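For reference, the structure discussed in these notes is given below.
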Amino acid sequence: MVDIERIEYEELSGDYAIFNNQKLLEECSRLYSAHYGYWSHESSHSPSKRIKLSANRIRDWLETGNADLCMARLEGKLIAYAIVIRSKQRISINSKKESGNISWVTQLVVHEDYRNQGIAKDLLFSIWSFSNDLVWGLITANPYAIRALEKATRRRCSPERIKRNKDKLRNIAIKDLSYYKIGKSTPIKVGEKTSKINTEFFVDHSQVPEMMEKASANGIPWELGNLDEGWEWFAFTFGDQDQMELANEEIKGMVRASAQIAKQAYSRMLLNKDHKWSRGTPQEVEFIVKNCGLTKGARVLDVGCGLGRHAMELARKNLNVVGIDYVLGFIQKAEREAQKENLQTVEFIVGDAREGISSDTEWESNYDAVICLYDVIGSFIDDTENKKILETIAKSMKQNAKAVITVMNHQLTEKRAWQKDHVFSFESEPNRLRDLKPSGIMETNGNIFDPEYYLVDKDTHIVYRREQFTDRKEKKLSKELIVMDKRYTEEEITTLCQEAGLNVESVKHVNTGKWDDSLDSSEAKEIMVICTKR
């Protein structure tokens, strides 16, 4: 099995992929021609031989104006790719015409050595994860791809529902999928128990019956019928369909994966100078210097430093600073920025603060001040993990050092959530997550206190948000994630700090960039604790 952490996913617009990029097209061609599949023995050309696709034909698939190329690489080697058409259409939804996106996967190839390891699933789930799309679908002879469509969109492929938009979908295929050679007269059969199209693509179907049987093994009936030679399934789901309920295993899986998902989401935040969290940095650093009594040459540790904006601002004040973060991309950007400014007294380390600071052999009892800001504490829904970060902070401090720690305020979170009836119990109402409205808040502006876009658990104080990440600057795969984080009351964060070996010297309720002002506990977005070492 391949280590999934080593797989890198990226997404390019079709125009970008084909512009002066013949090498990439040839790379896709080699993967397709060696690993897509075989012609049927009934095919009129090359029966039972490998299906091959030239780089120029792949160019045709990408030249529609609204195609994207999604890829998976292992140590630079292309091991999978998918082509998706994303276009805005007017579709009949809830008995009326609505404008919205259709996400139509037109090609999927995975290297034979890397199949059944979740790579195709990751690609497809990213493509189909956008819950505010109107239609999701594909034309395929692979039953597993259809089950992936149903799982990703939480809806079943219903021939009755597909039939209502059959002609519209045909017209989209004629316009955007010309390489399929679908026309007005192309046979499409959509009935009570079938939905298929005659693409005259004579791919080998010999394994399809066995795959259909396995796809139905868990008791879910196969609704799209059998396939004739040269035909493929015409498979789509729609935004107005009822969503499937979350199964117990899915709920447990969400909890197990919450830390990994939080890291993915955090790594996709732009955190540029326009980001809401970035604007008050100079004022916050002035507060830190004054309240920690820092003078020239003092050592400061920034835990969860992100792009290093606080660390670099502290270095500009002639302080010796170490910033640690577990996102490699953030550390690399911070290092480049520090080099541009020729900041000699700041160092950045890739690491997980739950495990100490392994690259600094003298990190214990070595710092005059430690900062850990915003929702670093609270990134994990299990407070055992958050406490590990606080324990690292305590161990790193000199005896007379101070730590400035901020967390997100539960009291304001819950107060605002009541306005939208967005307070719930995940244990008894997990399916309310299906109705979470998506947003790009985390990626773009950081306003994670807008109750329109979150649910908060009244018992655990965990917040649930459906975050979309679409920025193309770094060619990352677009995706939608359900992100969970922990919010705190004053009593909860005080207790957690004390359990981790810290003395809480003072507590105040504040907002970004205005730490000198103390706010009412029901109005502040953050709780700040200033601690000493026990």
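The values are calculated or read from the model by the stated rules, or taken from the named source; none is laboratory data. Here the structure is a predicted model, which means the values were calculated and not measured. Positions of Cβ are backbone-derived with ideal geometry, glycine not excepted, and every protein chain shown enters the neighbour counts.
Note on region 184-202: among residues that are at pLDDT 95 or above and assigned to a strand (DSSP E or B), the one that is farthest from ALA67 (Cα to Cα) is THR194.
Being closer than 23 Å to PHE202 by Cβ, over 21 Å from the mean Cα position of the chain (by Cα) and in a helix (DSSP H, G or I) is the requirement here; does LEU31 meet it? In short, yes.
Which one of these is in the same structural domain as SER396 (by TED's automatic domain parsing), modelled with pLDDT under 95 and in a loop (DSSP other than H, G, I, E, B): ILE357, ILE381? Write out each step before concluding.
Working: ILE381 fails: modelled with pLDDT under 95.
After applying the criteria, what remains is ILE357.
For region 383-404, taking the residues that are surrounded by fewer than 19 Cβ atoms within 10 Å (Cβ to Cβ) and over 21 Å from GLU491 (Cβ atoms), the one that is nearest to the chain's Cα centre (by Cα) is identified as LYS395. Residue count for region 479-523, restricted to those that are without any contact (Cβ under 8 Å) to a residue 12 or more places away in the chain and farther than 21 Å from LYS402 by Cβ: 3.
Taking region 414-434 as the range and being touching a Leu at 6+ places or on another chain (Cβ under 9 Å) and in a helix (DSSP H, G or I) as the test, the residues that pass are ALA417, PRO430, ASN431, ARG432, LEU433, ARG434. Which residue out of LEU124, LEU138 is crowded, with 22+ Cβ neighbours inside 10 Å and within 21 Å of the chain's Cα centre (by Cα)? Within the list LEU124, LEU138, the selection yields LEU124.
Looking only at region 212-223, residues that are surrounded by fewer than 17 Cβ atoms within 10 Å (Cβ to Cβ) and under 14 Å from THR140 (Cα atoms) come to 0 in all.
Which residue is nearest to PHE238 (Cα to Cα), if the candidates are limited to region 160-184 and must be of a type in the set (S, T, N, Q) and touching a residue at least 40 places away in the same chain (Cβ under 8 Å)? Give the steps one after another, and end with the answer.
Going through region 160-184, the residues of a type in the set (S, T, N, Q) turn out to be 165, 171, 178.
Pick out the ones that are also touching a residue at least 40 places away in the same chain (Cβ under 8 Å) and you get 165, 178.
Working: ASN165: 10, SER178: 23 Å.
Checking each candidate, the answer is ASN165.
Of all residue pairs spaced 6 or more apart or on separate chains, those with beta-carbon atoms under 8 Å, a first member in region 407-421 that is in contact (Cβ under 8 Å) with a residue 40 or more places away in the chain and a second member that is in a helix (DSSP H, G or I) and buried (at least 20 other Cβ atoms within 10 Å of the Cβ) are VAL407/ILE493. Set side by side, the residues ASP68, ASP60, ASP15 differ, and just one is in contact (Cβ under 8 Å) with a residue 12 or more places away in the chain, within 30 Å of LEU227 (Cβ to Cβ), of a type outside the set (Phe, Trp, Tyr) and in contact with a Gly (Cβ under 9 Å, 6 or more places away or on another chain), which is ASP68. Considering region 173-191 alone, what residues qualify as being over 37 Å from the mean Cα position of the chain (by Cα) and under 21 Å from ASN226 (Cα atoms)? Within region 173-191, THR186, PRO187 qualify. How do the pairs read when you match residues in region 364-388 that are more than 20 Å from THR345 (Cβ to Cβ) with residues anywhere that are among the charged types (D, E, K, R) and in a loop (DSSP other than H, G, I, E, B), using Cβ under 8 Å and keeping only pairs 6 or more apart or on different chains? Going by the 8 Å Cβ cut-off, the qualifying pairs are GLY378/ARG487.
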